[in-house]
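A quick write-up on the structure given underneath.
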Amino acid sequence: MRIIMVRHGQTDWNAQQKYQGQSDIPLNETGRAQAYQTALHLQDQESPQVIFCSDLMRARETAQIIGRSLGIESICDARLRELSFGEWEGMTFTEVYEKYPQAFNEWVRDTETYIVPGGESFQSLSKRVLQFIHEIKQANHQVALLVTHGGVIKAVLRHADECTDLWENAVETASFLIIDITEEGRILICKN
């Protein structure tokens with residue numbers, strides 16, 4: 001099975017370097033333009049049979065723009081939501097560091113299992129996302145397109161055969177990544 005993973009377009013909070021998490025923030029004008037551009041690029045890829053997206057507004061809107069271009073309706077699923085950053089949502093990286101220095105340092109040291117105050121661990125995010133991937137693989141789609149968030153894409157990459165450091169590569173807004181899921185369930189990166 002092939003999966004094309006797309007990160008949503010830019011929001012004002014992305015531009016302001018604020019933690020968004022599961023806050024329901026819409027695309028800004030730049031984000032809409034990025035989504036249209038990504039839709040054009042995706043016309044050159046294998047056509048998906050289905051589009052799944054996070055139920056958060058920024059991913060839904062990106063999916064709708066891409067879906068109109070490809071002639072496919074999108075299906076929302078809350079398991080494709082971003083990592084919950086709890087009390088940190090709406091704050092800039094600097095504000096979080098200044099207000100929660102100990103929690104921030106603990107999170108940096110143990111990103112996998114540390115639970116942000118009022119949020120969730122990356123391990124929890126990975127579990128729900130991989131469960132979703134397993135379910136869509138069982139549905140026997142040849143190609144599926146997922147419109148989601150940077151943390152979700154990193155959760156999938158974390159389990160890929162070619163996995164590098166989780167935070168080494170940024171997942172830019174409206175960028176896409178193509179992966180293959182083998183019969184055995186291995187995740188292979190095809191195009192980054």
Yes or no: the stretch 86-93 includes at least one residue that is in contact with a strand residue (DSSP E or B) (Cβ under 8 Å, 6 or more places away or on another chain), at pLDDT 90 or above, in a loop (DSSP other than H, G, I, E, B) and among the hydrophobic types (A, V, I, L, M, F, W, C). yes
So, of the residues in the stretch 159-183 that are among the acidic types (D, E) and either on the phi > 0 side of the Ramachandran plot or part of a loop (DSSP other than H, G, I, E, B) (or both), which turns out to be modelled with the lowest pLDDT? D165
When residues of the stretch 28-50 are limited to those that are polar (S, T, N, Q) and farther than 14 Å from T173 by Cα, the one surrounded by the most Cβ atoms within 10 Å (Cβ to Cβ): Q45
Of the conditions (1) within 23 Å of N14 (Cα to Cα); (2) surrounded by fewer than 15 Cβ atoms within 10 Å (Cβ to Cβ); (3) not β-branched (V, I, T), G86 satisfies every one except a single condition; which number is it? (2)
Please count how many residues of the stretch 106-124 are loosely packed, with under 13 Cβ neighbours inside 10 Å, not in a loop (DSSP other than H, G, I, E, B) and not aliphatic (A, V, I, L, M). 1
Taking the stretch 1-35 and keeping residues among the aromatic types (F, W, Y) and either over 20 Å from V116 (Cβ atoms) or not in a loop (DSSP other than H, G, I, E, B) (or both) leaves W13
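The values are calculated or read from the model by the stated rules, or taken from the named source; none is laboratory data. Note that the coordinates shown come from a computational prediction; the quantities given were computed from them, not determined experimentally. Here the Cβ is made from the backbone with ideal geometry for all residues, glycine too, and neighbour counts use every protein chain on show.
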